[in-house]
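Trainee: I have a structure I would like to understand better, so I am pasting it below and will then ask my questions one at a time.
No value in this document is a laboratory result; all are computed from the given coordinates. Quantities reported herein were computed from a predicted structural model and do not represent experimental measurements. FYI the Cβ positions are ideal-geometry reconstructions off the backbone, even for glycines, and counts take in every protein chain you see.
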Amino acid sequence: MNNTMKVLLIFILLVSSCDDLLEKPLQNSLTQASFPISASDALAAINACYYVFRESGYHTGMYPIDDIMSDDARKGSNPDDAASTIGPFDTFEFAATNGSFSNWWNTLYTGIKRTNVVINLVQDIEMDQTLKAQYIAEAQFIRAQLYFDAVRAWGGVPLILTTTPTVGVVRSTLEQVYDQIELDLLDAIPNLPLKAEISLNEQGRITKGAAQGLLGKSYLYQKRYGEALAELKKVITSGQYGLEPDFDDANGINGEFGVESVFEVGAVDGLLEGIENGTNFYANVQGVRGTPNRGWGFNRPTLDLINSFETGDPRLESTVLYVGEVIDEITISGDGLTPDETRDSNNNLIEVECYNQKVWTPGTIVAPTQGHNRRVMRYADVLLLAAEAANETSDIAQALIYVNQVRLRAREGNNDVLPDITTMGQEALRGVIMNERRHELALEGHRFWDLVRTDLAGSILGPFGFASGTHELMPIPQIEIDLTQGSLIQNNGY
Amino acid sequence: MLNSVDRLQRMKKICLVSITLVFLSISIALAQTLKVSGRIVDSENGEGLAGATVLEEGTNNGTIADGDGYFNLAILNQNAELSISFIGYLTKVEKIGNRSLINFSLDLNIEELSEIVVIGYGSIRKSDLTGAVSSVKSEELVKIPASNPLQALQGKVAGVQVNNFSGEPGAAPTVRIRGVGTFNNNNPVYVVDGVILDDIGFINSNDIQSLEVLKDASATAIYGSRGANGVILITTKRGAKGQLTPIVTVSSEISMQSLQKKIELLDGNKFSEIVNILTPGTYNNLDALPSTDWQDVLFTKSPIQSYQVSVAGATNKSQYYFSVAYFKQDGIIPHSSFGRISIRVNNDYQISKRIKLGHNLSFVPTKSQSTNGGAPFNVYRAQPNIAPYTLLGAFSEVPGVGNVLADLEYTNSFSKGLQLVGNFFLEVALNKAFHFRTSYGPNISYTQDKGYTPAYYVSATQNNAIDDVRRRYAWSQGWLFENTINFNKNWDKHRIDALVGFTTQDNSNEFISGSGQNLLRSNENFWYLTQNNLVASSISNGIYDDNNYYSMVSYLGRVNYVYDNKYLFTATFRRDGSSKFLDANKWGSFPSLAVGWNLINESFMKSLSVFSNAKIRASWGIVGNEKIPYQEAYSTISDGTNAIFGPNEQQFVGQSFGKLGNPDLKWESTKTLDFGFEWGLLRDKLVGEIDYFRKNTYDILVALQVPGYYGNSGGSVFYNAGEVRNKGWEMTTSWTDQIGDFQYKIQGNYTHLTNSTQKVSGTGGSDDALYAFFNGYTVTKTTPGVPIGSFYGYQTAGIFQNIEQINNTPHLATTQPGDLIFVDSDGDGKINTADFVNLGSPIPTHMYGLSASASYMGLDLSVDFQGQGGNKIYNLKEIVRPALYNFEAHVANYWTGEGTTNIEPRPTAGGPNFSPSDRFIYKGDFIRLRNVALSYTLPAALSAKIGTPKTRIFVSATNVFTLSEFPGYSPEVANGGAIFNGIDTSVYPVATVYSGGINVTFK
C-alpha cells in the first residue's frame, strides 16, 4: 500500500467515525418528551392544572365582561380607561377581534392542555394507585370546569382531549361538550375525597362535593332538572357544607376555605405582586380605583342593581362600596378622573362612583389587591341551583326550603327584613329564585349566564343592546378563525 | 469628563512609543570587504530589471539594481549566497564562490501575474473563476483608523452595505451582502485562515493579506448552511518563500476624533418660551435662565492610538510572520474606551519535500470601559434651561432624564476579554495530482465584566440608595476540524481542480452573572461578590441564563473544470449535518452549478484589440442560514405554574407542558441566481464587472401564533414560513493610467437593490404580517409586497387651522386647532391605528462608492466618497415623550394661529402630534467624504542613506463631511434587527477622525 492510499484510507476512516457528534441534548431545560415520568412529576403536573384559575385570562379574559354585559354592572374605572376595549360590553357592541375573547379562549385551552397531560400521561407512571386516581380525578374536574366555562360562552367548541392537538380541528356540538363534561365528572367523583378528608394545608384541592356541584350545575344549564336536583342534593346531604353566618365571609378573607367554600382558588395575600408570587389578579381589576389604591375599579354596580335589593337587605351594604364610605377604618375617596355622579342628556342620574365590595381585602397596609381567594362555587349557589331544580321539577316545598336557608343567613338575625318565602306557584317562585340569585351572587359572574339560560336575557338586556339569537353566545375570537383558516365556524351574528 | 491628569498621562504614553520608533529607525552600520557586481535581466526578453533586490543571505546587506538592472555590492562573507528578487519574478539564490561578476536572469512568476483569488477551501486564477467574488487589497483595509477591519469596507465593494451606526469604541459595523434576506440574523459568516467565525473584531487590519467577499452561490455553496448571508474570507499575512532577509515593519498612527455634527435642538430661551405656552407663567424672565447645550457638555475630543511591529521572512525550510499591535480608542463620550493588543504568529515548516506543517495563531487581550449607553439620548432630551451644576457645584437636577454628568460619574462598567484563534495544519503532497490537508482550528474566548454603582443622590428621580456591584463571566469555545483532498491536473487543453472534504465543528458558550448590594468597602479592589464585603443576602448569583451548544458535521466537494482557457465549469456541493435540528432535518444539502466563458480567448475577440479581457459567467445554487434560534425546536416544561392551597397560602410546585416548540424547524434557504460580465479595455486600463443577481430566501423562521386550542397561552411558535426576495445589479469599474511619473486610478462601484417580502405566514389572514413595537407603538410592519421592516404610522395632511376644519374632518378626540391632520386612510370616519399606512423602507435601493488616487514622486493622495439612498429613516427618538423634554430646533417654527404654518404643529409636550407619523420620516440619502489620505514615501536614495528602504509618513481624515437631510448625528441608522432597522432611537455618534502616522520598513 503506498502512502497515497494510506492517507486516503485515514480520510475515509475519519469520515465514518463521527455519528454521535450531532447529539447535543438541550441544556438546563426539561422537554415535554421526558415529562411526567415519576410520582413527583405527577404531583407537579396536577398542581400546575390549578394555576389556570389564578391566570388573569381565566376571569373572562381579565375583565369581568360577563357582569358588565348584565344589568348588574357597568364598565367602571374612569370614562376613558379601556373605553374602546371594555366599554363595548355595556352596549353589546363588541367585535370578534376584542382581546378579551382571545385572552379568555387561550387561557382556557392552556388549562385544558395541562389537564390532558395528567389524564393521559400520569396513567403510565408507577406510583401509589389511590393518589394516581385522585390526581386524574382532579384533572378531570378541572377539564370539566374549563369546558363548562367555554361551552357557556361559545357553545360547541373544539373538544381537545389529547396533549398533541393537530390542525384542522372543528367545533364539536354543544351537546358533545356537555357530554364530555358529564363523562369527566362521573368518572372523577368516585375517586375524589370529601372536603373533610383533605388536610387543612391542602384545602382548595378538588373535592367530591365540588364535582357533584358542577355536575348538577351543568345538568341545570341543559335543563335536565331531575338529574340536576339529584346531584345537587348529594352536595347538600354530604354534611360537608353550610353557610357562613356572616354574609361578608362568604367571599371574604375570614371565610377562606370555610364551610361555604365548594370550589375556591387560593392566592397569596402578600406584599409582592405578580402571579409568580402566588397572587391572583381577579380582585385587582375590580378593586377600588384611586384612594385607597386597591385596583383598577372595573365592574361598577349599577343603580338598577342597587335599587333592586329588597328594603333592608344587608347584602346590599356588603356588595357595594360607595365613595365616602368608611370600611376597616379606611375612607373610600375613589378616583379623581371618575365623576362621582354621571347623568345622561336628560339629566337623569345613570351611574354613581362605587365599587365591588366582595373583592375588598381588609387591612390598612395592603398594597395590591391580589390575594383575594375567588370562590368559583359556594354553597349558597348550590342551594339556589337546587331550589331552581326543585321548582322546575314541581317540588315547590323543597325549593322553598333551599331559598329560605339562603334568606335566613342573609338577614343575619334581623327578622324585620327578608321574610321567608311562603308557598306560591311555580312561575312566581321562578322569579323569586332568580331575584335571590341576583342579590346573593351579585358581581360574582353569574347574572348574565343566568339570564341567558333562563331565556330572560332578551327582555331584560334588550334595552342595553342584547340581540336575541346572537348575544347568548360570545364570538369565537377572530384570530382563531384566521389561524384555522376557517375550519372553526363563527357564531351567528358576528 | 476627561480630566487633565488623564489627558496628560495619555500624551505621555503616546510620546514614549514615538521615541521608541525613532530609535528603531537607526539602522545597523555595516563593515564591508569584498565586491560583487553584475546585471539582472528578464529571462524571456533579456531586459534589465530596474529595482530588483540583491541581498547577501543571512544578513541585512543588500542593494537595489539600477535603471538598467546593474548592481554593485560589497559582501561580508565570500561563502555567502546571493538572493535576487523582484516583484512578479521567481526569487533566485546563488552561491557567490570566488566570482566578482555574476549575471542573473529571473523567470516570470506566472501565478503571481495572473491574479489569484482566494475562495473557500482554496484559491483560483481570477480568469478561471465562475462566481461573484470581490477582493479588497490589504492597503485599503488600513486606511481607516478603526479597531474593526470591516469599517474599511464601507463603500468599497459593490453589493456590500457596511454601516457604522455606533461610534462606541470597539463597535462592529453591520455588514449586509446583497440585501436583507431574512427577518432574523442577516450577518455574513467570516472565515479567517480557514476558521469559520461570527465576528472578526479581534483582527488587526495590518495583519490582513487579502479580504474576499463571496457573494453568489457558486462562491458560497461550499459553506452550505452558512452561506446565505454571504461569506467574507480573510487571509492573514505569512512570510514569503525565499525572503531570507526579514522584513521588519514598524508603524505608528495617532488620531483625534470629534463629533461630526450636532443635532439642532432648542436653546434655553426658546425652550422656555415653549414651556410658557404649554404651562403659562412657568418662567417670568426668560433672559435670566441659563442656556445649556448638553451636547457640548457630553461630547469631547479624544484620541486613537495604533502601533504595530511585524517581522516577516523565511529560512530554507520555514517561513514566519510575527506581529504585535496595540490599538487604543478613547470614545468621544468620556468614560468609554477600547484597548486591544493583538499578537499573531503565522509559521510554515517544510518537514520534508512532501510534508508541510504550519499554524496561524492569534492571541488577543482586550480591555474596555463603557459609559452609560443612554447618554446621547439623555443630552437629546435634557431641558436646556438648566445649568449642568448648581451654584454650590453639585450636579443640577434635570427633570425626566437626570443629569448626564452624574450618569457618567456614577457609571462604572469595565470589561476584559481574551480571544485565542488559531489553526494548526498539516499538508501532504501525495503525488503530483493529490494533496491532502488536515487542520484543527480552535477558537476560545473569555470575557469578564465588572460594574459598580455607588450610593448617590442627585434628585428624587436620579439616585441610588444602596450601592451595588455586578459581575459577569462568559466563555465560549469552539473547534473546527477539517480534512480535504485536492486534485489538480492539467493535460492538453484540460484543467481540473477538484476538492473533497470532511469537516466537523463544535461550539459551546455559557455565561454566569451575579450581583450584590451594600458594600462595606467600595473601592475598585473590592468589586467582588464576597460574602463579607456586602450584605450576603443581597447576592443574587447563579443566574445561569444562556447557553448554546451545537455541532456540525459536513461533507463538501467541488470541481472546477477549464477547457482551453475558454470554457469554465464549476460544480459545488456541501452536505451539512447540524445538532441544532431534530431528527428529520438534521441534514441538508446545498448544491451550486456555474459556467463561464472567457470570450477574450476566442479568436474573434483577439482581432478586437481594444479588449484585453472579456468574460461572461452564470451561477445558480442553494445556500442556507442556520443562525436561527434553534432552541425553539423544543417543547419545554413550564416552571412556576404553582398551586396555592390552604389557609397558609402555601405554594405547591406545579410543572406541566409549557412553551410549544416546532420539532420540524430547519435552516433558512436562499436560491441564488447570478449573471456576470467582466471586461478589460485598453490593455486593462479600464476594467470592470457587472452582475445581475436574484436571491429568493424561503423557509424564513417566523414566530407565528398557533390556534388557541393548542393550549399555548397565545404564545407563538417558530415556523419556516417566510419568503423574501432581493434582486438587483452591481457594477465595479476602474481606470488606471499614468502620465510620466504621475500615476492615477479612479474607481467606482454601484449597487441597485430591490427588497420585497413575499410571504410572512403565508395564510393571507390577519397574521400575514410581522410587526415591531417601540414603547407601545407599532413602528414597522413587514407584509407581502413591501421591503422588510417597512415603517408604519399615520400619514399627515398638514395642520388643522380652525375648529370648523376639525369638525368636518375625522380627528382624534383631543384635537385642537394647530394639531396635525392624520389621514383617515380606511375611510371609516375615525382616526385610529387602523389608519396606519406604509411610510417607506429602511433598506437603501442604491449604494455607491467612488474613489480616486494618484501618486507622484513618492506622494500619494487618495479620496474616497461613499453614499446610499432610496431608503427612509424613522426619527423615533423624537416621538417618545412621557415627560417634558427638549425639542428639536424645527419646533420653534410652531403654528401660532390660522394660516401661520401647515407644517409645524402647535407646541405640545407629547400627545397626538407625537404619534408615529410621516412627520418623523426622513429621506435616508447621503453622500459622504469617507476618507482623504495623503502620504509621502521618502525617496529610495534618501532611505538607503539612512538605512531604511522604505519610510512613509501620512496624514488622513475620515468622515470629513456627510450631505444628508436627516437631522440626527448620522444618516447611518442600522440597529441591526431586520424588522427594526433604520430607526433612530439615539445612538453613540460616529466621529470625524484626523490622523497622522509613520510607517517604516526595514529589509
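Trainee: For segment A:434-443, take each phi angle, set θ = phi - 60°, evaluate the Karplus expression 6.51 cos²θ - 1.76 cosθ + 1.60, and give the result in whole Hz per residue in order, putting x for glycine and proline.
Mentor: So the Karplus estimates, Gly and Pro as x, are 4, 5, 5, 4, 4, 7, 6, 10, 3, 6 Hz.
Trainee: For A:ASP416 and A:ASN347, FRET efficiency with R0 = 41 Å and r from the beta-carbon atoms, rounded to 0.05?
Mentor: Plugging the Cβ-Cβ distance into 1/(1 + (r/R0)^6) gives 0.70.
Trainee: OK, next. Under a crude label model (7 Å from the Cα following the beta-carbon direction), how far is B:ASN464 from B:ALA940 in nanometres?
Mentor: Computed distance between label sites B:ASN464 and B:ALA940 equals 6.2 nm.
Trainee: Which entries of A:LYS24/B:LYS367; B:LYS586/B:LYS695; B:LYS156/B:LYS685; B:LYS727/B:LYS923; B:LYS586/B:LYS671; B:LYS666/B:LYS727 have Cα-Cα distances beyond 26 Å here?
Mentor: A:LYS24/B:LYS367
Trainee: A further question on this structure: Please name which of B:PHE502, B:ALA465, B:TRP479 has its Cα lying farthest along the dipole of segment B:432-562 towards the positive end, using unit charges on Cβ (Lys, Arg +1; Asp, Glu -1) and the Cα centre as origin.
Mentor: B:PHE502
Trainee: Next up: Using the Karplus curve 6.51 cos²θ - 1.76 cosθ + 1.60 with θ = phi - 60°, what ³J(HN,Hα) values do you get for each residue of segment A:463-475, in whole Hz, with x for Gly and Pro?
Mentor: x, 8, x, 5, 10, 4, x, 10, 7, 5, 10, 7, x
Trainee: Before anything else, pin down the relative contact order of chain B: Cα pairs under 8 Å, at least 6 apart, normalised by residue count, whole percent.
Mentor: Reported as a whole number, the value is 11 percent.
Trainee: Please compute the contact order of segment B:114-236 in relative form: average sequence separation of alpha-carbon pairs under 8 Å and at least six residues apart, divided by the residue count, as a percent.
Mentor: RCO, segment B:114-236: 30 percent.
Trainee: Starting from the Cα of B:LYS317, draw a straight line to each of the aspartates and glutamates and keep only those under 13 Å, dropping any in the same chain fewer than 8 residues away.
Mentor: Cα-Cα hits under 13 Å: B:ASP348.
Trainee: While we're on this one: Charges only on Cβ, +1 for Lys and Arg, -1 for Asp and Glu: so what's the dipole of segment B:114-236 about the Cα centre, in debye to the nearest 20?
Mentor: Here segment B:114-236 has a charge dipole of around 320 debye.
Trainee: By how many nm would the segment from B:GLU139 to B:ILE87 grow when fully extended, if each residue of separation counts as 0.36 nm and the alpha-carbon distance is taken off?
Mentor: Computed gain between B:GLU139 and B:ILE87 is 17.0 nm.
Trainee: Would you work out which of B:ILE234, B:VAL136, B:GLY201 lies farthest towards the positive end of the dipole of segment B:114-236? Charges go on Cβ: Lys and Arg +1, Asp and Glu -1.
Mentor: Most positive-ward Cα: B:VAL136.
Trainee: Listing A:ARG74, A:ARG171, B:ARG354 from the residue with the fewest other Cβ atoms within 10 Å to the one with the most, what is the order?
Mentor: Neighbour counts put them in this order, fewest first: B:ARG354, A:ARG171, A:ARG74.
Trainee: Dipole size in debye (nearest 20) for chain A around its Cα centre, Lys and Arg Cβ +1, Asp and Glu Cβ -1?
Mentor: 1120 debye
Trainee: Calculate the length of the line joining the C-alpha centroid of segment B:32-87 to that of segment B:163-184, in whole Å.
Mentor: 50 Å
Trainee: Separate question: Distance from the Cα centre of segment B:318-393 to that of segment B:931-997, in angstrom?
Mentor: Each part reduced to its Cα centre gives a spacing of 17 Å.
Trainee: Taking amide H atoms as placed 1.01 Å from N in the peptide plane, list the residues 5 or more away in sequence, or in a different chain, whose amide H sits under 5 Å from that of B:GLY51.
Mentor: Here the answer is B:ALA65, B:ASP66, B:GLY69, since their amide H atoms fall under 5 Å of that of B:GLY51.
Trainee: Give, rounded to the nearest 20 debye, the magnitude of the charge dipole that the protein assembly as shown has about its Cα centre when Lys and Arg contribute +1 at Cβ and Asp and Glu contribute -1 at Cβ.
Mentor: With only Lys, Arg, Asp and Glu charged at Cβ, the dipole is about 7680 debye.
Trainee: Could you work out [θ]222 nm for the protein assembly as shown from helices alone, using -39500 (n - 2.57) per DSSP H run of at least four and dividing by all its residues? Round to the nearest 500 deg cm²/dmol.
Mentor: -5500 deg cm²/dmol
Trainee: Also, I was wondering about something else. What FRET efficiency comes out for B:ASN548 versus B:ALA288 if R0 is 51 angstrom and r is the Cβ-Cβ distance? Round to the nearest 0.05.
Mentor: So, using R0 = 51 Å, E works out to roughly 0.30.
Trainee: Which of the lysines could be linked to B:LYS566 by a straight reach, that is with a Cα gap under 16 Å, when you skip same-chain ones fewer than 8 residues away?
Mentor: Answer for B:LYS566, where 16 Å is the Cα cut-off: B:LYS126, B:LYS493, B:LYS606, B:LYS615, listed by chain and number.
Trainee: Hey, another quick one. In whole angstrom, how far apart do the alpha carbon centroids of segment B:236-279 and segment B:557-615 sit?
Mentor: Centre-to-centre distance over Cα atoms comes out at 42 Å.
Trainee: Related question: Estimate the FRET efficiency between A:LEU186 and A:THR454 by the formula 1/(1 + (r/R0)^6), using the beta-carbon distance for r and 25 Å for R0, to the nearest 0.05.
Mentor: 0.45
Trainee: Straight-line reach from B:LYS945: which lysines have a Cα under 16 Å away, not including same-chain ones fewer than 8 places off?
Mentor: Cα-Cα hits under 16 Å: B:LYS1003.
Trainee: Which loop trypsin sites (Lys or Arg not before Pro) in segment B:274-336, with loop taken from DSSP, have no more than 11 other Cβ atoms within 10 angstrom of their Cβ?
Mentor: Here the sparse-neighbourhood loop sites are B:LYS317.
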